[in-house]
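Novice: Below is the structure I would like to discuss, written out as structure tokens.
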Amino acid sequence: MAKILGLVPNVFLLGLVSLFNDLSAEMIYAVMPAFLVGVLGAPPLVLGLIEGVADAVASVFKIVSGWFSDRVRRRKVISVSGYGLSILTRLGLTFVANFFQVFLIRVLDRVGKGVRESPRDALLVESVERQDVGRSFGYLRAMDQVGGILGPAAALILLPVIAYDYRLLFLIGFLVGIFVLVSFIFVREPKKSVVPDGAPRPPLSFSLKAFNKPFKHFIASIFIFGLGAMPISLMLLKAQATGRDGLNIPLMYLIYSVAFAIAAVPFGKLSDRIGERKVMAAGFFLAIIAYLILGRSSSLGFIILGFVIFGLYSAMTDGVGRAIASKLVEPRQLASGEGFLGATLGFASLLAGLAGGLIWTSYGANSAFIYGAIMMTVGLILFVSLNSKDSFV
């Protein structure tokens, strides 16, 4: 099979899909905290609630979508439908008048995310050899973050030009999203299925009972760690401590995204070489360090450092976690396993957003970050202890 820049065509094209989708989305959501708090008057607790509930809704659809994809053994059409729904919600944001409407639209956006991610990740795994899974996920996440870099950068450039008209920015983001669907046209279903034709098709279940013990251990430790990992949109409010300029929030998001994008592929390759568990544990440790820095300092330099380190954490765990899940489950459970991983992260994000937003509103940002660091430390200890004998390679 001919490769593009050393990648199989499906992986390269899925990277383009991710780039355009994140460029479209992040030019909007990089400024969403400022729009919600500054324009619509929402308190930090509401911000945490919106992101947490939206991610939890997406989590349910990740499980259902993963099951359905495994059931019908189709990946592309399900994933495309999810992308299409998310893109339409960006148009809807141009008409919102209060934060409840933003909440409803954000939930629909996350439904689209829930529908698309599990079959997309399964499609990627089925398109490459086992030894290239970590690298391929690293590339996918890197392209996500290239879009994540270009999105906030576009917001930084466009906002002054359009007189800080957030709704016009949302419309521009929607138009960019059309390129996502164009790119997906050229993605193909893998010709060779890793599941035998006579293999049983899994029933829909929201229980982990059908999965093996190593996968259950992995999911349990991810959930505990996630209880401390507040949504990035809530974390970005810390940027307000550097001043009142409305550009501070997208600037910090840009810094975070650059660190993520630069490091994702190298850490993906490293995980293929030395094992995913070691890279994952190191990433968890960096997240704790980032939270301690953000929780104890309000100076510009330390806040930048905190978001750089947190970007490295994301690079070391996001794609690597998906690679781990794909290797722990049976082939017939591939999309379902990715769905349960996403669901675990989403429900943990809901609880972390609620707890972090409440603590932030009641006691301030520093207390919220200290809470997060404590919970993530417990999660790291559990991850190392439960997964010490489980092989991810």
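The values are calculated or read from the model by the stated rules, or taken from the named source; none is laboratory data. Treat the numbers as computed from the prediction; the structure is a model and nothing was measured. FYI the Cβ positions are ideal-geometry reconstructions off the backbone, even for glycines, and counts take in every protein chain you see.
Novice: Within region 142-159, identify whether any single residue is of a type in the set (Val, Ile, Thr), in a helix (DSSP H, G or I) and in contact with a helix residue (DSSP H, G or I) (Cβ under 9 Å, 6 or more places away or on another chain), and answer yes or no.
Specialist: yes
Novice: List every residue pair whose Cβ atoms sit under 7 Å apart, with the two residues 6 or more apart in sequence or on different chains, where the first one lies in region 7-33 and is under 16 Å from residue 189 (Cα atoms) and the second, anywhere, is basic (Lys, Arg) and surrounded by 23 or more Cβ atoms within 10 Å (Cβ to Cβ).
Specialist: 14/120
Novice: So, residue 275, is that one free of Cβ contacts under 8 Å to residues at least 12 places away in the same chain and surrounded by fewer than 24 Cβ atoms within 10 Å (Cβ to Cβ) or not?
Specialist: no
Novice: Residue under question is residue 144, and the condition is that it be at pLDDT below 90, buried (at least 22 other Cβ atoms within 10 Å of the Cβ) and within 25 Å of residue 321 (Cα to Cα); does it hold?
Specialist: Answer is yes for this residue.
Novice: Still on this structure: I'm told residue 353 meets every condition in (1) under 21 Å from residue 216 (Cβ atoms); (2) under 21 Å from the mean Cα position of the chain (by Cα); (3) modelled with pLDDT under 90 except one. Can you identify the failing condition by its number?
Specialist: Condition not satisfied by residue 353: (1).
Novice: From 292, 305, grab the single residue that is in a helix (DSSP H, G or I) and farther than 20 Å from residue 262 by Cβ.
Specialist: After applying the criteria, what remains is 292.
Novice: Specify which of the listed residues (8, 17, 64) is β-branched (Val, Ile, Thr) and either farther than 27 Å from residue 226 by Cβ or over 21 Å from the mean Cα position of the chain (by Cα) (or both).
Specialist: Working: 17 fails: either farther than 27 Å from residue 226 by Cβ or over 21 Å from the mean Cα position of the chain (by Cα) (or both); 64 fails: either farther than 27 Å from residue 226 by Cβ or over 21 Å from the mean Cα position of the chain (by Cα) (or both).
Every option except 8 fails the conditions.
Novice: Could you check region 20-41 and list, in sequence order, the residues that are hydrophobic (A, V, I, L, M, F, W, C), in contact with a Leu (Cβ under 8 Å, 6 or more places away or on another chain) and in a helix (DSSP H, G or I)?
Specialist: Result: 23, 27, 28, 36, 37.
Novice: Limited to region 356-393, what total is found for residues that are among the polar types (S, T, N, Q), modelled with pLDDT under 90, part of a helix (DSSP H, G or I) and closer than 30 Å to residue 133 by Cβ?
Specialist: Result for region 356-393: 1.
Novice: If you don't mind, there's one more thing I want to ask. Being within 30 Å of residue 71 (Cβ to Cβ) and among the small types (Gly, Ala, Ser) narrows it down to one residue among 364, 339; which is it?
Specialist: Result of the check over 364, 339: 339.
Novice: Further, regarding this structure: Can you report the number of residues in region 289-308 which are surrounded by fewer than 22 Cβ atoms within 10 Å (Cβ to Cβ), closer than 23 Å to residue 374 by Cα and not small (Gly, Ala, Ser)?
Specialist: Keep residues of region 289-308 that are surrounded by fewer than 22 Cβ atoms within 10 Å (Cβ to Cβ), which gives 289, 292-293, 295-305, 308.
Then drop every residue that is not closer than 23 Å to residue 374 by Cα, which leaves 289, 292-293, 295-299, 302-305, 308.
Subsequent filtering for residues that are not small (Gly, Ala, Ser) retains 289, 292-293, 296, 302-305, 308.
The total comes to 9.
Novice: Hey, can you tell me all the residues within region 160-170 that are assigned to a helix (DSSP H, G or I), more than 17 Å from residue 106 (Cβ to Cβ) and either in contact (Cβ under 8 Å) with a residue 60 or more places away in the chain or charged (D, E, K, R) (or both)?
Specialist: Correct list: 168 only.
Novice: Same structure, new question: How many residues, within region 2-48, are modelled with pLDDT under 90, of a type in the set (Gly, Ala, Ser) and within 15 Å of residue 232 (Cβ to Cβ)?
Specialist: Final tally of qualifying residues: 3.
Novice: Only one of 84, 41 is of a type in the set (Gly, Ala, Ser), on the phi > 0 side of the Ramachandran plot and surrounded by fewer than 19 Cβ atoms within 10 Å (Cβ to Cβ). Can you tell me which?
Specialist: 41
Novice: Within region 255-268, does at least one residue satisfy the condition of being within 21 Å of residue 293 (Cα to Cα), modelled with pLDDT under 85, among the aliphatic types (A, V, I, L, M) and crowded, with 21+ Cβ neighbours inside 10 Å?
Specialist: No: region 255-268 contains no residue that is within 21 Å of residue 293 (Cα to Cα), modelled with pLDDT under 85, among the aliphatic types (A, V, I, L, M) and crowded, with 21+ Cβ neighbours inside 10 Å.
Novice: Sticking with this one: Six or more apart or on different chains, Cβ under 8 Å: which pairs go from a residue in region 140-152 that's farther than 21 Å from residue 128 by Cα to one that's modelled with pLDDT under 85 and outside any helix (DSSP H, G or I)? Could you list them?
Specialist: 151/30; 152/30
Novice: Now, a different point. Please state which of the following conditions residue 127 fails to meet, knowing it meets all the rest: (1) surrounded by fewer than 22 Cβ atoms within 10 Å (Cβ to Cβ); (2) farther than 29 Å from residue 308 by Cα.
Specialist: (1)
Novice: Ok, one more. Any idea which residue in region 90-124 is surrounded by the fewest Cβ atoms within 10 Å (Cβ to Cβ), counting only those that are closer than 24 Å to residue 322 by Cβ and among the β-branched types (Val, Ile, Thr)?
Specialist: This residue is 107.
Novice: What residue, of 106, 110, 74, is assigned to a loop (DSSP other than H, G, I, E, B) and basic (Lys, Arg)?
Specialist: On the way: 106 fails: assigned to a loop (DSSP other than H, G, I, E, B); 110 fails: assigned to a loop (DSSP other than H, G, I, E, B).
74 is the lone residue from the list that is assigned to a loop (DSSP other than H, G, I, E, B) and basic (Lys, Arg).
Novice: Check 122, 54 and return the single one that is of a type outside the set (Lys, Arg) and in contact (Cβ under 8 Å) with a residue 60 or more places away in the chain.
Specialist: That would be 122, the only listed residue that is of a type outside the set (Lys, Arg) and in contact (Cβ under 8 Å) with a residue 60 or more places away in the chain.
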